[in-house]
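This report refers to the structure that appears directly beneath it.
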Amino acid sequence: MGQAVESILFLKDKARYNEIATCATQFNAVYNGNNIIQDDIFHIVENYTRKHGIPFELLRYPVADQELCACTFIRENRLFVFVNAAIPLAKQIFAVAHELFHIYRYVEGNDTELSECGSILNSSTLDEEATATEDMEANAFAGLLLAPADRISEQMRIYDIKRGEIALQDILMLMEIFAIPYKALVLRLFEEDVLAGGKIREFLSFSPEEIKKQADLTDRAARWLEVPKTPYRFGTLFEKIKRAEQMESVREERIQSDMEVINVIKKSIENL
């Protein structure tokens, strides 16, 4: 069934997968409720760190390296999460949910690896071909958080999607609802016994171009497969500049100078 299936925690370590499922359910109950998360994941990770009193900066801007999806690191007790805005939105969402697990382990489990080494998420790991145990766990957590079992059953019932009769258009409808990458959704459906092994082979055989073409034709999930024109996010930098401007706590020349520096940085990023 391919490396993508062989490297999922569900098959590698079912007991640990069940533990991660419990963690995801509990996390959802406390920090999200019954909502389907989609791109609210950016607010959820901010809210989680805020509630735990951790200074947090979300960096979101495009870099040309399509292999780099996200990274997390800690500097001077401040937590930074970078998301590559040059990848499709569904991948950005899944990448942040993946990084959230590393943050969760750091906060709840006293895991020192994040503070010592940080975390880098590349495209192959995000596509469920993880080799490190914690990355397998993080992928499992992301899928369970973004597409919980009860919400999958609920939406299948609402849209009359029947087990054993699922077509590509049904997968795209569920992608539209849950806003996670195609491969991640197919594997979640396998985990929930919605898809059997033969069907997984069929659905994983579709190329990204075929999936995108069908998404455009059916107008399902197309927005999540696009690279959005995301405003640059440099943590709380803009917020601090605007606050200083409103409070007139610094000279206007300083604010203009800071904005000029930021524009130079933006242009240098675009040329990478």
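For segment 34-184, a crude dipole built from +1 on the beta carbon of Lys and Arg and -1 on the beta carbon of Asp and Glu, taken about the Cα centre, is about 360 debye to the nearest 20. With θ taken as phi - 60° and the Karplus curve 6.51 cos²θ - 1.76 cosθ + 1.60 applied, the whole-hertz 3J(HN,Hα) list for segment 27-43 is 4, 4, 4, 7, 10, 9, x, 9, 6, 7, 6, 6, 7, 5, 4, 5, 6 Hz, x standing for glycine and proline. Excluding residues on the same chain fewer than 8 positions from residue 12, give the aspartates and glutamates whose Cα lies under 15 Å from its Cα. Result set, ordered by chain and number: 128, 129, 134, 135, 137, 191. Peptides 28-37, 180-189, ordered by how many other C-beta atoms sit within 10 Å of their residues on average, highest first, read 180-189, 28-37. Counted residue by residue at 0.36 nm each, then reduced by the alpha carbon distance between them, the extension gain from residue 80 to residue 213 reaches 44.3 nm. Cross-link pairs exceeding 20 Å in C-alpha to C-alpha distance, out of 14/91; 91/212; 51/229, comprise 14/91; 51/229.
For segment 44-160, the Stokes-Einstein estimate of translational diffusion at 4 °C and a viscosity of 1.567 mPa s comes to 87 µm²/s, using the Kirkwood hydrodynamic radius over alpha-carbon pairs.
Every number here is computed from the coordinates shown, using simple stated rules; none is lab data. Since the model is a prediction, treat every value here as computed from it, not as a measurement. Don't worry about glycine lacking a Cβ; one is built from the backbone with ideal geometry, like all the others, and counts go over all protein chains shown.
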